[in-house]
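Data block below; observations after.
The values are calculated or read from the model by the stated rules, or taken from the named source; none is laboratory data. Here the structure is a predicted model, which means the values were calculated and not measured. Virtual Cβ from ideal backbone geometry, glycine too; neighbours counted across all protein chains shown.
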Protein chains: 2
Amino acid sequence: MTDTPPRRPLRYERDPAAIYAQSFATVRAEARLERFPPGMARLATRLIHSCGMVEVADRLAFSPGAFEAGQAALASGAPVFADCEMVGAGIIRRYLPAENEVIVTLNATQVPERAARIGNTRSAAAVELWADKLGGAVVAIGNAPTALFRLLELIDEGAPRPAVILGFPVGFVGAAESKAELVRDPRGSEFVALRGRRGGSAMASAAVNALAAGLPEIDA
Amino acid sequence: MTDTPPRRPLRYERDPAAIYAQSFATVRAEARLERFPPGMARLATRLIHSCGMVEVADRLAFSPGAFEAGQAALASGAPVFADCEMVGAGIIRRYLPAENEVIVTLNATQVPERAARIGNTRSAAAVELWADKLGGAVVAIGNAPTALFRLLELIDEGAPRPAVILGFPVGFVGAAESKAELVRDPRGSEFVALRGRRGGSAMASAAVNALAAGLPEIDA
């Protein structure tokens, strides 16, 4: 079966600048971004671009100052906390304005023992390790509903407030509920969240990248 | 504003085993998995779990032997090639049956120069570095349509065939088209792909994790 006939070269867009321009133009054409303030429109564009779903714009919840608060936090050197390695891997380091630290504690050695002790998931236990440095930070949750729930509990227990909480846990158990709780009572933090079951690490890191740099691929 | 009234503890499921069981039960209840052969049903379950969207099952395309070919390739020690760091980060290493190598070349030093030389994206240039070791490998594309297009071109140019191609590029330019080309002519490889614009690194790594281990969270 190695004797297949020669094939014609495939036709596709190969120029990165053209790909970005066409992508973001499609988002603009389909997503009714004019409903958002300018910063949030850029964040929504990156979010939609990360998942290929224009309609997530319809389920986006946010506080009015969320974009500017996150942008200012990063500019002033605030760390970024993420609930899993995939979110960390999706953050474009060169976009971060102050070589901000990106902190993922999910695989820290003390986490399994702590999870067993507190009777919660490893994701929730990992969030407890952030408590001291949460004040003014950017928090990006792209996987575990229990991470977002535990974060809100920590704030209720007196932990300092993040500048902005990016709520994108995904799935069928607790994702919609944890984001609904964030939106219902953000506990003094600014927030962006995608309501419902959808979310994920690509969206969470896209939101961080938007706060860090907007849309430099086409704004430049 | 620090004098907020004390809040009641939040109610949510904290037991990882219960979370997995409930999640997968929801998928089973909503996704009509009986349309798939057993291996693909497990892969579809992980896929749906990774994105929170039951309806992706309706757009899943696959060759009849894809699951078994991927499973066998991993069992025999085949490497996993991924088009971006996020896919690599989502692969659960302890599930891999033979300490399989996970290879991501996107940030290799020679990639930017090679991309400029071939007039294609960095993602496409990174795929060229796989050519020698593609025979019998598992390939997971979770981000760039140009990576999937270039992979298909490489095979047309004579590169050895992967055992299975997991096609989950995402977005508005080339994602649907590259997956349609894979499904139209898989060039002798087995394949799994999500038709249309949707995809992403979480789905690509979920597919690898399914080939590696099925659903050990509930099968055990």
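Being assigned to a helix (DSSP H, G or I), within 11 Å of another protein chain (Cβ to nearest Cβ) and of a type in the set (A, V, I, L, M) is the requirement here; does residue B:202 meet it?
On the way: assigned to a helix (DSSP H, G or I): yes; within 11 Å of another protein chain (Cβ to nearest Cβ): yes; of a type in the set (A, V, I, L, M): yes.
Yes, satisfied.
If residue A:188 satisfies every condition in (1) within 12 Å of chain B (Cβ to nearest Cβ); (2) touching a residue at least 40 places away in the same chain (Cβ under 8 Å) but one, which is the exception?
Single failed check for residue A:188: (2).
Among A:142, A:200, A:171, which is the only one that is on the phi > 0 side of the Ramachandran plot, surrounded by 24 or more Cβ atoms within 10 Å (Cβ to Cβ), in contact (Cβ under 8 Å) with a residue 12 or more places away in the chain and touching a Phe, Trp or Tyr at 6+ places or on another chain (Cβ under 7 Å)? Give the derivation first.
Numbers: A:142 fails: on the phi > 0 side of the Ramachandran plot; A:171 fails: touching a Phe, Trp or Tyr at 6+ places or on another chain (Cβ under 7 Å).
Unique residue meeting the criteria: A:200.
A quick yes/no check of all residues on (1) assigned to a helix (DSSP H, G or I); (2) within 11 Å of another protein chain (Cβ to nearest Cβ); (3) touching a Gly at 6+ places or on another chain (Cβ under 8 Å); (4) under 28 Å from residue A:87 (Cβ atoms):
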position	(1), (2), (3), (4)
B:171	no, yes, yes, yes
B:176	yes, yes, yes, yes
B:197	no, yes, yes, yes
B:209	yes, no, yes, yes
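Look through A:108, A:115, A:61, A:66 and report the one residue that is more than 30 Å from residue B:204 (Cα to Cα), among the aliphatic types (A, V, I, L, M) and modelled with pLDDT of 95 or more.
Numbers: A:108 fails: more than 30 Å from residue B:204 (Cα to Cα); A:115 fails: more than 30 Å from residue B:204 (Cα to Cα); A:61 fails: more than 30 Å from residue B:204 (Cα to Cα).
Result of the check over A:108, A:115, A:61, A:66: A:66.
Can you find, within the stretch A:151-168, the residue that is nearest to residue A:65 (Cα to Cα) among those that are more than 19 Å from the chain's Cα centre (by Cα) and of a type in the set (A, V, I, L, M)? Reasoning before the result, please.
Residues of the stretch A:151-168 that are more than 19 Å from the chain's Cα centre (by Cα), as a first pass: A:153-160.
From what is left, the residues that are of a type in the set (A, V, I, L, M) are A:154-155, A:159.
On the way: A:154: 22, A:155: 19, A:159: 21 Å.
Result: A:155.
Given (1) within 9 Å of chain B (Cβ to nearest Cβ); (2) assigned to a loop (DSSP other than H, G, I, E, B), where does residue A:98 come up short, assuming only one miss?
(1)
Looking only at the stretch B:58-73, filter to residues that are part of a helix (DSSP H, G or I) and in contact with a strand residue (DSSP E or B) (Cβ under 6 Å, 6 or more places away or on another chain); which one of those is nearest to residue B:177 (Cα to Cα)? Break it down into steps so the answer makes sense when it comes.
As a first pass, look at the stretch B:58-73 and keep what is part of a helix (DSSP H, G or I): B:58-59, B:66-73.
Cutting the leftovers down to in contact with a strand residue (DSSP E or B) (Cβ under 6 Å, 6 or more places away or on another chain) gives us B:59, B:66, B:69-70, B:73.
Values: B:59: 14, B:66: 21, B:69: 24, B:70: 23, B:73: 27 Å.
For the stretch B:58-73, the residue satisfying everything is B:59.
Scan the stretch B:35-57 and give yes if some residue there is without any contact (Cβ under 8 Å) to a residue 40 or more places away in the chain, surrounded by fewer than 21 Cβ atoms within 10 Å (Cβ to Cβ) and not in a helix (DSSP H, G or I), otherwise no.
yes
Can we say residue A:161 is within 11 Å of another protein chain (Cβ to nearest Cβ) and closer than 22 Å to residue A:110 by Cβ? Lay out the reasoning, then the answer.
Values: within 11 Å of another protein chain (Cβ to nearest Cβ): yes; closer than 22 Å to residue A:110 by Cβ: no.
No.
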